[in-house]
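Okay, so here's the structure we're looking at.
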Amino acid sequence: MRRAIVRYKVKPDRAEENAELVRAVYEELHRVDPPGFRYATFQLEDGVSFVHIAEFDGEANPLSELGAFREFQQGIEERCDESPVATKADEVGSFNFRLGEAG
């Protein structure tokens, strides 16, 4: 299983646009339902910071196959004050943490 965390900050006037693009990714994910894929996105209290957490089996992240994700990626640099930083993550521990259940 692979796990990745991506964080970034958008410009204040682009936060809602970014959230809408993220919601479109989830709409497509619900239709496609890639096996072995878990994903969650959080908009932090400051309103401009976003964190995405993905878990997936295999080498390829299923997001790369989604049209909505490609649309989300277009113009990401122009939307951001701080560019996305992707980090591989290894779990140290968790308690009742299940991605994707809040839907």
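Here, each number is a calculation from the coordinates, and none is a lab measurement. Computed from a prediction, not measured in an experiment: that's the story for all the values here. Neighbour counts are summed over all protein chains in view; Cβ atoms, including those assigned to glycine, are modelled from backbone coordinates with ideal geometry.
A few points about this structure:
- In percent, rounded to a whole number, the relative contact order of region 2-88 is 50, using alpha-carbon pairs under 8 Å and six or more apart.
- Taken about its Cα centre, region 2-88 carries a charge dipole of about 300 debye when Lys and Arg each add +1 at the Cβ and Asp and Glu each add -1 at the Cβ.
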